[in-house]
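Engineer: Have a look at the structure that comes next, please.
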Amino acid sequence: MVKLVIMDWKQVKAQTIRDVERRVPQKEGKIIYVDSLQALRSLMTKGRLSMLSEVHKGKPGSLYELARSMKKDIKTVATDAKILSEMGLLELKAYKEGGRKKVRPVTRVRKISVEVPI
């Protein structure tokens with residue numbers, strides 16, 4: 001599971017220091033911090049969430065297959081896949097088939113939760 005947390009950077013730093021001082025064990029899974037709801041929206045667009053779902057359900061053999069199944073431009077799909085990969089939500093596995101290089105997208109998570117501390 002991946003947790004997206006909306007938290008000011010000063011709060012993230014303070015929380016991390018408190019956890020280290022108290023020797024709080026790290027939770028399993030990945031936490032991605034963003035500093036605003038706007039940043040979360042720009043990172044996790046409707047198209048990127050749809051892509052994660054399509055990769056998880058359809059298990060496409062390549063980014064090209066993914067673009068075809070989503071009826072999207074390959075450049076857009078490749079860009080979004082790279083961003084999701086950098087976030088750790090998608091894995092891009094390179095392989096050769098018939099002398100051609102291909103990239104197979106694979107989801108690395110099954111669930112994403114959003115946390116907004118108050």
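The values are calculated or read from the model by the stated rules, or taken from the named source; none is laboratory data. Owing to the predicted nature of the structure, the values given are computational and were not obtained by experimental measurement. Counting neighbours? That spans all protein chains shown, and the Cβs are built from the backbone with ideal geometry, glycine included.
Engineer: When region 1-18 is examined, which residues are found to be surrounded by fewer than 13 Cβ atoms within 10 Å (Cβ to Cβ) and either without any contact (Cβ under 8 Å) to a residue 12 or more places away in the chain or in contact with a helix residue (DSSP H, G or I) (Cβ under 7 Å, 6 or more places away or on another chain) (or both)?
Structural biologist: Initially, region 1-18 is screened for residues surrounded by fewer than 13 Cβ atoms within 10 Å (Cβ to Cβ), giving 1, 8-10, 13-14, 16-18.
If the condition is that a residue be surrounded by fewer than 13 Cβ atoms within 10 Å (Cβ to Cβ) and either without any contact (Cβ under 8 Å) to a residue 12 or more places away in the chain or in contact with a helix residue (DSSP H, G or I) (Cβ under 7 Å, 6 or more places away or on another chain) (or both), then K10, K13, A14, T16, I17, R18 are the ones that fit.
Engineer: So, of the residues in region 65-93 that are in a strand (DSSP E or B) and among the charged types (D, E, K, R), which turns out to be farthest from I32 (Cα to Cα)? Write out each step before concluding.
Structural biologist: The first filter runs over region 65-93 and keeps only residues in a strand (DSSP E or B), leaving 90-93.
Restricting the remaining residues to those that are among the charged types (D, E, K, R) gives 91, 93.
Values: E91: 16, K93: 22 Å.
By that ranking, first place goes to K93.
Engineer: Next up: Suppose we keep only residues that are touching a strand residue (DSSP E or B) at 6+ places or on another chain (Cβ under 9 Å) and not in a loop (DSSP other than H, G, I, E, B) within region 12-35. Which one would you say is modelled with the lowest pLDDT?
Structural biologist: So the residue we want is V12.
Engineer: Further, regarding this structure: For the subset of region 72-118 comprising residues that are touching a Lys or Arg at 6+ places or on another chain (Cβ under 7 Å) and in contact (Cβ under 8 Å) with a residue 60 or more places away in the chain, which member is nearest to G58 (Cα to Cα)?
Structural biologist: Applying the filter and picking the extreme gives L89.
Engineer: Can you find a residue that is in a helix (DSSP H, G or I), surrounded by 11 or more Cβ atoms within 10 Å (Cβ to Cβ) and out of contact with any His (no Cβ under 6 Å at 6 or more places or on another chain) anywhere in region 94-109?
Structural biologist: no
Engineer: Still on this structure: When you check L49 against the structure, is it touching a strand residue (DSSP E or B) at 6+ places or on another chain (Cβ under 6 Å) and assigned to a helix (DSSP H, G or I), yes or no?
Structural biologist: So L49 does not fit the description; no.
Engineer: A further question follows. Name the residue, out of A81, A67, that is within 10 Å of the chain's Cα centre (by Cα) and more than 24 Å from M7 (Cβ to Cβ).
Structural biologist: One residue alone meets the criteria, A81.
Engineer: Would you confirm whether or not region 44-55 contains a residue that is surrounded by 17 or more Cβ atoms within 10 Å (Cβ to Cβ) and among the charged types (D, E, K, R)?
Structural biologist: In the first step, residues of region 44-55 are kept if they are surrounded by 17 or more Cβ atoms within 10 Å (Cβ to Cβ); the result is 44, 48, 51-52, 54-55.
Checking the rest, the ones that are also among the charged types (D, E, K, R) come to 48, 54.
Checked against the condition, which is being surrounded by 17 or more Cβ atoms within 10 Å (Cβ to Cβ) and among the charged types (D, E, K, R), region 44-55 yields at least one hit.
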